[in-house]
Each structure stands twice: as structure tokens, then as C-alpha cells.
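J.: I have a structure here, written as C-alpha cells, and I will follow up with some questions on it.
The values are calculated or read from the model by the stated rules, or taken from the named source; none is laboratory data. Everything numeric in this text was worked out from a predicted model, so none of it was measured. Here Cβ is always computed from backbone atoms with ideal geometry, including for glycine, and neighbour counts include all displayed protein chains.
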Amino acid sequence: MRSRTVRYAAGEIARFRVIEDFLPPPAELVPREDNVKVTLSLSRRSLDFFKREARKRRVPYQRMIRALVDTYAERQAGGIKGKVG
């Protein structure tokens with residue numbers, strides 16, 4: 001079977017309505033955090049794990065490690081919901 005080509009005629013296609021721009025500017029889409037560089041020694045096993053997992057997800061392994069540390073810090077600072085004791 002052959003696919004059909006759609007051809008448009010000159011003129012008005014349909015009624016339309018202009019919607020005002022409601023999206024934030026690109027700078028506000030991803031808030032920038034104040035990062036600090038540190039030197040950290042990891043076990044070869046841990047580093048290999050993060051590199052392998054990051055490669056699967058096509059993200060930098062440092063970003064994965066930073067997300068892990070940030071999540072841990074947030075949960076410890078705010079407490080874990082449902083925590084007993």
C-alpha cells in the first residue's frame with residue numbers, strides 16, 4: 001500500500017486562538033544550586049557501580065552520586081516519614 005500525501009490549499013485552515021506565553025524563561029526551568037567541589041575517595045566497587053548505572057541512564061556518574069548525597073541529607077534533616085522512635 002502506498003501512503004497518501006496530504007495537500008493543503010491556500011487560505012484559512014480553521015479558526016484558531018492565540019495563547020499568551022505562559023512558560024517560564026529557560027533560566028527558571030532548572031534552578032541552579034550552589035555546588036562546592038570536594039575531594040572524595042570511594043571504593044573501586046562503588047565507583048564502578050555508579051559509572052555502570054550512569055552509563056545505562058546516559059547521565060554523568062557524578063550527578064548520580066550528588067543526587068544520592070542530596071537525598072540522604074534532605075531525609076536526615078527533615079526526618080523520615082513514619083520513622084519510629
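J.: Out of 58, 32, report the one residue that is out of contact with any Phe, Trp or Tyr (no Cβ under 9 Å at 6 or more places or on another chain) and on the phi > 0 side of the Ramachandran plot.
T.: 58 is the lone residue from the list that is out of contact with any Phe, Trp or Tyr (no Cβ under 9 Å at 6 or more places or on another chain) and on the phi > 0 side of the Ramachandran plot.
J.: Same structure, new question: Hey, which of the helices (runs of 4 or more DSSP H) in the stretch 25-85, taking only ones fully inside, have at least 3 residues that are modelled with pLDDT under 95? Give the derivation first.
T.: Numbers: elements: 26-29, 44-57, 61-78.
In the stretch 25-85, 26-29, 61-78 are the helices (runs of 4 or more DSSP H) which contain 3 or more residues that are modelled with pLDDT under 95.
J.: Looking at the stretch 1-47, which of the residues that are exposed (fewer than 10 other Cβ atoms within 10 Å of the Cβ) and among the polar types (S, T, N, Q) is nearest to residue 70 (Cα to Cα)?
T.: Residues of the stretch 1-47 exposed (fewer than 10 other Cβ atoms within 10 Å of the Cβ): 1-41, 43-45.
When the remaining residues are screened for being among the polar types (S, T, N, Q), the result is 3, 5, 35, 39, 41, 43.
Values: 3: 52, 5: 52, 35: 11, 39: 16, 41: 18, 43: 20 Å.
Top of the filtered list is 35.
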